[in-house]
Protein chains: 2
Amino acid sequence: MSSRAVPPAVAPIAGAAGNLAASLLQARPLTKDAFAPFGQVIELEGARQFDINDGTTRRFHDLAKIDTLADGGRPIVSLFRAQPRAEPVRLALMERHPLGSQAFIPLAARSYFVVVAPDAGGRPGPLQAFFTTGWQGVNYDRNTWHHPLLAVDEVSDFIVVDRGGEGHNLEEWPLADPPALRRP
Amino acid sequence: MSSRAVPPAVAPIAGAAGNLAASLLQARPLTKDAFAPFGQVIELEGARQFDINDGTTRRFHDLAKIDTLADGGRPIVSLFRAQPRAEPVRLALMERHPLGSQAFIPLAARSYFVVVAPDAGGRPGPLQAFFTTGWQGVNYDRNTWHHPLLAVDEVSDFIVVDRGGEGHNLEEWPLADPPALRRP
């Protein structure tokens, strides 16, 4: 396994002058099934739901597996304001959080990229890229390789539920020959 | 202390025919200071913030005191879809969660009512009403009396972070002579 992650979906990009600027990583629409090895898709479709408050409110219940208590950790709620990336989006590095899950919940129903990878002996294996449809969030399971937030089109706000507390909770893996992303 | 909560802001409503239909509870704009006895206002102004992800994202950090671990509890993330109340909004009951905090984070920057009360010997004391301005969420501290969600104008979605797990985590207190809410 080389340090460069080369999934089957990667193909060379021919630039305007025909040069091979970067390989291409084709994103797929984000679905619960495809994302299951990496965490949960936070969405209303298929969620357990019921009426509360005398029928005035519908509760879509328990949408993610929050896992933030290792080594004295606690759950924290933050807001991430992401600048939109220019396309084609060029990836930079993968990271993971050994001590906690990390949920990203968009305020708007605006699509963004999600890039994950299985672990391959302590480094990211073949990258998998997704593109959200409608209102979808993701919760990365603890210690799951993922790319930092990849908004496109507009400044995008996300509620983030992750771990606070002491301890080494970040590993990064720069991508030596990073591919560019393509929307579905 | 009677079971009817009568804060100083309550005044009789004169109906069209001059009848006293309900008392009025005047809402104030929601601010951190005024809400401090009941929990935290979740907002960007005044939040600890810093750039992450090579400057592409700003993190507004740790916006609420999530307190969901009592008696084997765990943090859960849900979405509440609230139907708008007709105005004037008539209150119904107060409730509290003895085992955990409960955060409401709106997806949209749309105003809604927040009604809380100090505890007065196991029942809600004088009600205090707030109306949000811009994008503001609230986190009710554990065991804080509050009214169920009070959206107005449009169907409104909220991310809710509260406690999952066994145990008796709900107390309700019907309001015998509930006031109606007035916007600031």
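A label point on B:Glu166, set 7 Å along the Cα-to-Cβ line, lies at 3.3 nm from each of its counterparts in the other copies, closest listed first.
Taking every alpha-carbon pair under 8 Å whose residues sit at least 6 apart, segment A:88-153 reaches a relative contact order of 47 percent.
Each stretch of four or more DSSP H residues adds -39500 (n - 2.57); spread over every residue of chain B, this sum gives -500 deg cm²/dmol at 222 nm.
Near the amide H of A:Ile42, within less than 5 Å, lie the amide hydrogens of A:Gly137, A:Val138, A:Asn139, all on another chain or at least 5 residues away, with H placed in the peptide plane. Reported to the nearest whole Å, the Cα centre-to-centre distance from segment B:21-40 to segment A:17-71 is 35. Amide H to amide H, with H built 1.01 Å from N, A:Ala151 comes under 5 Å of A:Arg85, counting only residues 5 or more places away or on other chains.
Across segment B:121-132, coupling constants 3J(HN,Hα) worked out from phi with the 6.51/-1.76/1.60 Karplus curve, θ = phi - 60°, read x, x, 9, x, x, x, 6, 10, 10, 10, 10, 6 Hz, and Gly and Pro carry x. Distances between copies at B:Phe50, taken between label points 7 Å from Cα along the C-beta direction, are 4.2 nm in increasing order. Excluding same-chain neighbours fewer than eight residues apart, the lysines reachable from B:Lys65 by a Cα-Cα span under 24 Å are A:Lys65, B:Lys32. Residue by residue along B:47-57, Cβ atoms of other protein chains within 10 Å of the local Cβ number 4 on average. Taking N as the residue count of the protein assembly as shown, its C-alpha radius of gyration divided by 2.2 N^0.38 Å amounts to 1.12. Residue exposure proxy: B:Thr56, A:Thr31, ordered by other Cβ atoms within 10 angstrom of their Cβ from fewest to most, comes out as A:Thr31, B:Thr56. If you take all other residues with their beta carbon under 11 Å from the beta carbon of A:Gln26, and give Lys and Arg +1 and Asp and Glu -1, the sum is +3. For A:Phe35, neighbours were defined as the other residues whose beta-carbon sits under 12 Å from its Cβ, and their charges (Lys and Arg +1, Asp and Glu -1) total -1.
For segment A:154-161, 3J(HN,Hα) computed residue by residue from phi via the Karplus equation (6.51, -1.76, 1.60; θ = phi - 60°) reads 8, 4, 10, 9, 9, 7, 10, 10 Hz, glycine and proline entered as x.
Provide the net charge surrounding A:Ala117, with neighbours chosen by a C-beta distance below 11 Å and charges set as Lys +1, Arg +1, Asp -1, Glu -1. Local net charge: 0. Based on Cα contacts under 8 Å between residues 6+ apart, chain A shows a relative contact order of 34 percent. Ordering B:Thr144, B:Thr133 from the fewest to the most neighbouring beta carbons within 10 Å gives B:Thr133, B:Thr144.
Bear in mind these aren't lab numbers, they're just calculated from the coordinates by the rules spelled out. This is a predicted model, so every value here is computed, not measured. Don't worry about glycine lacking a Cβ; one is built from the backbone with ideal geometry, like all the others, and counts go over all protein chains shown.
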